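Taking it in order: structure first as structure tokens, then the write-up.
The values are calculated or read from the model by the stated rules, or taken from the named source; none is laboratory data. Not measured: the values here are computed from a predicted model. Note that we place each Cβ from the backbone using ideal geometry, even for glycine, and neighbour counts take in every protein chain shown. Note: accessible area is taken over every heavy atom of the protein model, side chains too, but ligands, DNA and RNA are not part of it. Shrake-Rupley method; radii C 1.70, N 1.55, O 1.52, S 1.80 Å.
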Amino acid sequence: MSPKSAGYGDTVTPEHALKYALRHAHGGRAQLIEGVIEPLSLSWAHETIADRLRHQLGPRAADIHCIIGSGDLDLPGSPNWYVPDLAVVPAAVAKNAGALRPGQTLLIVEVTSEADAHTKRVVKRRRYAEYGAPLYLLVDRQQRALTLFAEPDRLGYTRITGPLPYGTPLHIPAPFGTDLDMSDL
């Protein structure tokens, strides 16, 4: 399959070719961050936090007809292709989708590791806001804190809650309307 047959149309740009190649490299488990390919390799400590969040958000996600996953997010017109740690997406939008755009999500969660903390604190936060992700939750393992970013615009998020130390309840606003309890981390 070529980029053209993968749905990129008759005019295959360098951006399309790069993103197509990325999807077929590293077993599909890689990201493109500002034009640099980064293979994904997650620790069990990282996965423990993602699992805890999935369990807390799951019931409310089901109530609002959403799924929680870590599927591909394309940022068209940029050298970026992200795989978030978690994203909450309307089930109808995800049903037959390949990659989604950040603005099609309801919530994106990133959990830092030592290797990618700066990327998730700065680069992804800026890009998620630019591409309209309504809520971005940063779980900073190194600082042991949660920060929720809301109300995106092209210059960044205009409403920030945190950083709150682990153990401090964090309210996730509508459509979730729930509090996260990360006290056992």
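The label-point distance for residue 151 and residue 40, in a model that sets each label 7 Å from Cα toward Cβ, rounds to 3.1 nm.
If you roll a 1.4 angstrom probe over the protein chains with everything in place, what fraction of the accessible area of the chain belongs to carbon and sulfur, to the nearest %? Heavy-atom surface of the chain belonging to carbon and sulfur, 1.4 Å probe: 53 percent. The dipole here belongs to the stretch 38-185: it is taken about the Cα centre, uses +1 on the Cβ of Lys and Arg and -1 on the Cβ of Asp and Glu, and is about 300 debye.
With a/c under 1.5 counting as rounded, go ahead and sort the stretch 45-118 into rounded, prolate or oblate using the C-alpha gyration tensor (a ≥ b ≥ c being the square roots of the eigenvalues; past the cut-off, prolate if a/b is larger than b/c, else oblate). Judged from the Cα gyration tensor, the stretch 45-118 comes out oblate (a/c at least 1.5, b/c at or above a/b). Pairs of Lys residues in the chain, spaced 8 or more positions apart or belonging to different chains, with C-alpha separations under 24 angstrom: 5 in total. With the charge dipole of the chain set up from +1 on Lys and Arg Cβ and -1 on Asp and Glu Cβ about the Cα centre, the Cα lying farthest toward the positive end among the listed residues 14, 103, 80 is that of 14.
Packing, as the average of other Cβ atoms within 10 Å across residues, places the peptides 176-184, 141-149 in the order 141-149, 176-184, highest first. Oblate is the label for the stretch 135-185. Its Cα gyration tensor axes, ordered a ≥ b ≥ c, give a/c of at least 1.5 and b/c at or above a/b. Assign one of three labels to the stretch 42-180, namely rounded, prolate or oblate, based on the Cα gyration tensor with a ≥ b ≥ c the square roots of its eigenvalues; rounded applies when a/c is under 1.5, prolate when it is not and a/b is larger than b/c, and oblate otherwise. Rounded shape, in that the Cα axes give a/c under 1.5. In loop segments of the stretch 15-118 as defined by DSSP, the GluC sites (Glu not before Pro) with at most 12 further C-beta atoms inside 10 Å of their C-beta are 34, 114. Averaged over its residues, the chain has an accessible area of 49 Å² per residue, based on protein heavy atoms and a 1.4 Å probe.
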